[in-house]
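**Q** Structure in structure tokens, see below.
Read-outs: derived from the displayed coordinates by stated rules, not from any lab. Only a predicted model underlies this, so the values are computations on that prediction, with no experimental measurement involved. Glycine also receives a Cβ, built like all others from the backbone with ideal geometry; neighbour counts cover every protein chain displayed.
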Amino acid sequence: MEKQNESVRDRLLARLPQPENLAAYREEVASLLVKHEKALFWEKMSSFVFSWSAIGLLIMCISDWGQRLDHRAAVAFYTAMGLMSFGAMVTGLGYYINRSKVDILKEVKQVQLQVLEFQASLQKGEGR
């Protein structure tokens, strides 16, 4: 088991960026964050659509139009409203979890870039 842990450790350490590739790594990080922001936008929009659909069904059910429905139709509308509300909760929770993950990723990448810049400046100082 220890050999497997060492190989995982070696693979992770081999993937660390080097100070010589700082500009390319900075661009890679920027594109990664843009990709994550786009994904979060669409996740937020799906939560928004579920929420407003549930609100629309609720308004229809409690308005005068909802009072004229027979029992089966009212049950169908309340069931749809409940499912939409549940979908809004699930997608909203997923959005906030993924938003936190992206925020942590941003912080980690910022620290990593600062460390790389520091290493690059140290290598320049030694090269004089």
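**Q** Would you work out which of S63, L116, V102 lies farthest towards the positive end of the dipole of the stretch 44-128, given +1 charges on the beta-carbon of Lys and Arg and -1 on that of Asp and Glu, about the Cα centre?
**A** Final value for the positive-end residue is L116.
**Q** Also, I was wondering about something else. Under a cut-off of 23 Å between alpha-carbon atoms, report the lysines in cross-link reach of K109, not counting same-chain residues fewer than 8 places apart.
**A** In chain and number order, the partners are K35, K38, K101, K124.
**Q** Based on alpha-carbon centroids, what's the gap between the stretch 92-124 and the stretch 33-89 in Å, whole number please?
**A** Each part reduced to its Cα centre gives a spacing of 36 Å.
**Q** For the stretch 72-85, take each phi angle, set θ = phi - 60°, evaluate the Karplus expression 6.51 cos²θ - 1.76 cosθ + 1.60, and give the result in whole Hz per residue in order, putting x for glycine and proline.
**A** So the J values, rounded to whole Hz, are 5, 5, 5, 4, 5, 5, 5, 5, 4, 5, x, 5, 5, 5.
**Q** Tell me the label only: which of (1) 42, 40, 30; (2) 85, 38, 16; (3) 37, 32, 26 is Cα extents along the principal axes in Å as calculated from this structure?
**A** Among (1) 42, 40, 30; (2) 85, 38, 16; (3) 37, 32, 26, the one calculated here is (2).
**Q** Kindly write out, for the stretch 97-114 in residue order, the coupling ³J(HN,Hα) from the Karplus curve 6.51 cos²θ - 1.76 cosθ + 1.60 (θ = phi - 60°), rounded to whole Hz, with x marking Gly and Pro.
**A** 5, 5, 4, 5, 4, 5, 4, 5, 4, 4, 5, 4, 5, 5, 5, 4, 5, 5
**Q** Mind checking the angle between helix 2-14 and the chain's longest principal axis? C-alpha axes, 0 to 90 degrees, to the nearest 10.
**A** Rounded to the nearest ten degrees, it is 80.
**Q** Cβ under 13 Å from S100's Cβ, S100 left aside: what net charge do those residues give with Lys, Arg +1 and Asp, Glu -1? Walk me through the intermediate numbers first.
**A** On the way: positive: R99, K101, K106; negative: E43, D103, E107.
With Lys, Arg at +1 and Asp, Glu at -1, the net is 0.
**Q** Something else about it: Mind giving me the FRET efficiency for V34 and L93? R0 is 25 Å, r the Cβ-Cβ distance, nearest 0.05 is fine.
**A** Approximately 0.55, to the nearest 0.05.
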